[in-house]
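Colleague: Shown below is the structure under consideration.
The values are calculated or read from the model by the stated rules, or taken from the named source; none is laboratory data. Note that this is a predicted model, so its numbers are computed, not measured. Every residue, glycine as well, gets a Cβ built from its backbone with ideal geometry; the counts of neighbours run over all protein chains shown.
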Amino acid sequence: MASAMDFLPAFLSGMDKKALRGVSRRAAENPLTLQEQLLLMTRRANAEQLERAALQLQLAAALRFTDELRAQADDSDSDDVSCTFCGRRVGSLYRLVDDRVVCTVCYDSDPTLPAVRSYF
Ligand SMILES: [Zn+2]
């Protein structure tokens, strides 16, 4: 399908073509040349890559922080085992069915304590 642009050069002199090119450039929505547009897009892409790298660093730091918090929570769970009556941490401990932790001395001295769920 032939367009008007196919026939236009036959009616235009060299000066007309240059004048038309100048007018079309000024009338265009984006008056930049292709080289200028390419430079602009490259700069924008570089800026977005830098922003992406910064976001990746932030994400990695946040994930590390989350892992540290999780590790601390795990540590505190395992370290926070002591007798609920005397606070003793050493020796054998019982975990009762009501989730309290009692040392063997306290458990033996109090016959009203509930059954033992686990022993460690
Ligand atoms: Zn105790």
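Colleague: Would you confirm, using the coordinates I've provided, whether Glu36 is acidic (Asp, Glu), part of a loop (DSSP other than H, G, I, E, B), away from the ligand (no atom under 13 Å from the Cβ) and under 30 Å from Asp6 (Cα atoms)? It would help to see each step written out before you state the result.
Modeller: Numbers: acidic (Asp, Glu): yes; part of a loop (DSSP other than H, G, I, E, B): no; away from the ligand (no atom under 13 Å from the Cβ): yes; under 30 Å from Asp6 (Cα atoms): yes.
No: the conditions fail for Glu36.
Colleague: Pick from Ser109, Ser82, Ser92: which is more than 43 Å from the chain's Cα centre (by Cα), of a type in the set (Gly, Ala, Ser) and surrounded by 12 or more Cβ atoms within 10 Å (Cβ to Cβ)? Break it down stepwise before answering.
Modeller: Numbers: Ser82 fails: more than 43 Å from the chain's Cα centre (by Cα); Ser92 fails: surrounded by 12 or more Cβ atoms within 10 Å (Cβ to Cβ).
So the residue among Ser109, Ser82, Ser92 that is more than 43 Å from the chain's Cα centre (by Cα), of a type in the set (Gly, Ala, Ser) and surrounded by 12 or more Cβ atoms within 10 Å (Cβ to Cβ) is Ser109.
Colleague: Continuing with this model, one more query. Here are Val105, Val23, Val90: which of them is outside the structural domain of Phe120 (by TED's automatic domain parsing) and among the aliphatic types (A, V, I, L, M)? If you could, list the steps in order and put the result at the bottom.
Modeller: Values: Val105 fails: outside the structural domain of Phe120 (by TED's automatic domain parsing); Val90 fails: outside the structural domain of Phe120 (by TED's automatic domain parsing).
Just one listed residue meets the conditions, Val23.
Colleague: Report, by residue number, each residue of segment 109-120 that is over 17 Å from Gly87 (Cβ atoms) and not aliphatic (A, V, I, L, M).
Modeller: Matches in segment 109-120: Pro111, Thr112, Pro114, Arg117, Ser118, Tyr119.
Colleague: Another question, then. Looking at segment 1-33 only, could you name the residues that are surrounded by 10 or more Cβ atoms within 10 Å (Cβ to Cβ) and not in a helix (DSSP H, G or I)?
Modeller: Leu12, Pro31, Leu32, Thr33, listed by residue number.
Colleague: Let me ask something additional. For the structure I just gave you, tell me whether Tyr107 is hydroxyl-bearing (Ser, Thr, Tyr), within 14 Å of the ligand (Cβ to nearest atom) and assigned to a helix (DSSP H, G or I).
Modeller: Values: hydroxyl-bearing (Ser, Thr, Tyr): yes; within 14 Å of the ligand (Cβ to nearest atom): yes; assigned to a helix (DSSP H, G or I): yes.
When the stated conditions are applied, Tyr107 passes them.
Colleague: Inspect segment 4-24 for any residue being aliphatic (A, V, I, L, M), within 30 Å of Phe120 (Cα to Cα) and more than 21 Å from the chain's Cα centre (by Cα) and give the result as yes or no.
Modeller: Looking only at segment 4-24, we keep the residues that are aliphatic (A, V, I, L, M), and these are 4-5, 8, 10, 12, 15, 19-20, 23.
Within this subset, residues satisfying the condition of being within 30 Å of Phe120 (Cα to Cα) are none.
No, segment 4-24 contains no residue that is aliphatic (A, V, I, L, M), within 30 Å of Phe120 (Cα to Cα) and more than 21 Å from the chain's Cα centre (by Cα).
Colleague: Out of Arg44, Arg95, I need the residue that is out of contact with any Phe, Trp or Tyr (no Cβ under 6 Å at 6 or more places or on another chain) and within 16 Å of the ligand (Cβ to nearest atom). Which one?
Modeller: The conditions single out Arg95.
Colleague: If a residue has to be more than 10 Å from the ligand (Cβ to nearest atom) and outside any helix (DSSP H, G or I) to count, how many in segment 79-88 make the cut?
Modeller: Step one: list which residues in segment 79-88 are more than 10 Å from the ligand (Cβ to nearest atom), which gives 79-81.
Still in the list and also outside any helix (DSSP H, G or I): 80-81.
The qualifying residues number 2.
Colleague: Which is in contact with a strand residue (DSSP E or B) (Cβ under 8 Å, 6 or more places away or on another chain), of a type in the set (Lys, Arg) and more than 16 Å from the ligand (Cβ to nearest atom), of Arg70, Arg117, Arg64? Working first, answer last.
Modeller: On the way: Arg70 fails: in contact with a strand residue (DSSP E or B) (Cβ under 8 Å, 6 or more places away or on another chain); Arg64 fails: in contact with a strand residue (DSSP E or B) (Cβ under 8 Å, 6 or more places away or on another chain).
Selected residue: Arg117, the only one of Arg70, Arg117, Arg64 that is in contact with a strand residue (DSSP E or B) (Cβ under 8 Å, 6 or more places away or on another chain), of a type in the set (Lys, Arg) and more than 16 Å from the ligand (Cβ to nearest atom).
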